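See below for the structure under consideration.
The values are calculated or read from the model by the stated rules, or taken from the named source; none is laboratory data. This one's a predicted model, so the numbers in the text were calculated from it and none came from an experiment. In this analysis, Cβ positions are derived from the backbone assuming ideal geometry, glycine residues included, and neighbour counts consider all displayed protein chains.
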Amino acid sequence: MRSTPSLPPAVPGERFEFDCAAGRISVYVAGQGAPLLLVHSVNAAASVAEVRPLFEHWAHTRTVFALDLPGFGFSERSDRDYTPRLMTDALLAMREPMRRRCGDQPVDGLAVSLASEFLARAAAEAPQAWRSLALVSPTGFSGSRARRSSPGSTQAMPRLYRALRGPGWGRALFRGLTRPAVIRYFLRRTWGAQDIDEALWRYAVITARQPGAEYAPLHFLAGSLFSTDIHTIYEQLAMPVWMSHGIHGDFVDYRGKSIVEGRSNWRFDVFPTGAMPYFEVPQDFHFAYSAFLKPH
């Protein structure tokens, strides 16, 4: 039987763990200066490796924190319900280790894709803790359907989740969805191109083979991590918000951003890339993000 390769660090820097309401959370930190929190996306093989270019760049001028969300990377991957509440609790709990390292000052937060919903919810619940938000290819803006359901409601489909888990076949299903060739296929759809970041692909292959790697992604596939009240959350944000996205790949429908386009605290940038522009046009992305941060 082939052994599971051990998981290497996703980014350079110190890694520590702490316990909170969301379980045991793993965090990377590097640099000095004002705090910046990076939050990776959610998919079958997600991890801090998805924000590596950001971590490496901003560690030169900021104290950069990047956590593995519950169910991913080095964080707890136990068999439990994975919900927006769990993910939001992990982000809210980050305030304490960031405070110990940087003092009691508001944090700039950047999240990718579905994690943007968790970051926005954390900011809506504790606005004093956040100086600004950057949402990269955020979910919740596709189509024109309003997402203002009851607070905390989700798109969870319990029957689908039970079918995905099955009587013992959930792990086998997940392994099929995370074969190296399949991971490459989905990364190409994320990029909207054949060329992807090979280091990210290699890390995704390894992290998807760790014990318990299937639990959070199966909840993701069953809709449990998507909020149906997210428009209400986005509209509650009063701090400066920067939204950016690309024009290639699977994540290009942002018709719903009309709900926030007229708000004075929101700014927008569009890049000629896929869903992770900081991999493809790092200089342009860092310049635009820096321009957003300077006035605040």
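Below is a table of values for the structure above.
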| quantity | calculated |
| --- | --- |
| Filtered residues of segment 44-66 (kept if touching a Pro at 6+ places or on another chain (Cβ under 9 Å) and either free of Cβ contacts under 8 Å to residues at least 40 places away in the same chain or not in a helix (DSSP H, G or I) (or both)) | A44, A45, A46, V48, A59, R62, T63, V64, F65 |
| Selection count where residues are surrounded by fewer than 20 Cβ atoms within 10 Å (Cβ to Cβ) and part of a helix (DSSP H, G or I), scope segment 118-137 | 4 |
| Selection status of D104, touching a residue at least 60 places away in the same chain (Cβ under 8 Å) and surrounded by fewer than 24 Cβ atoms within 10 Å (Cβ to Cβ) | no |
| Among (1) among the polar types (S, T, N, Q); (2) more than 20 Å from T83 (Cα to Cα); (3) within 22 Å of the chain's Cα centre (by Cα) - the single one Q155 does not satisfy | (2) |
| Residue in segment 260-293 that is farthest from Q128 (Cα to Cα), counting only those that are free of Cβ contacts under 8 Å to residues at least 40 places away in the same chain and hydrophobic (A, V, I, L, M, F, W, C) | V281 |
| Members of segment 163-207 found to be at positive phi and surrounded by fewer than 16 Cβ atoms within 10 Å (Cβ to Cβ), listed by number | G166, G168 |
| Helices (runs of 4 or more DSSP H) wholly inside segment 141-203 containing at least 2 residues that are of a type in the set (K, R), free of Cβ contacts under 8 Å to residues at least 40 places away in the same chain and in contact with a Gly (Cβ under 6 Å, 6 or more places away or on another chain) | none |
| Matching residues in segment 99-117 - criterion: being over 17 Å from H245 (Cβ atoms), part of a helix (DSSP H, G or I) and either in contact with a Pro (Cβ under 6 Å, 6 or more places away or on another chain) or of a type in the set (D, E) (or both) | C102 |
| Only listed residue being at pLDDT below 95, touching a strand residue (DSSP E or B) at 6+ places or on another chain (Cβ under 9 Å) and of a type in the set (D, E, K, R), chosen from R101, R147 | R147 |
| Restricting segment 271-289 to residues that are more than 20 Å from the chain's Cα centre (by Cα) and part of a helix (DSSP H, G or I), the residue that is nearest to M239 (Cα to Cα) | F287 |
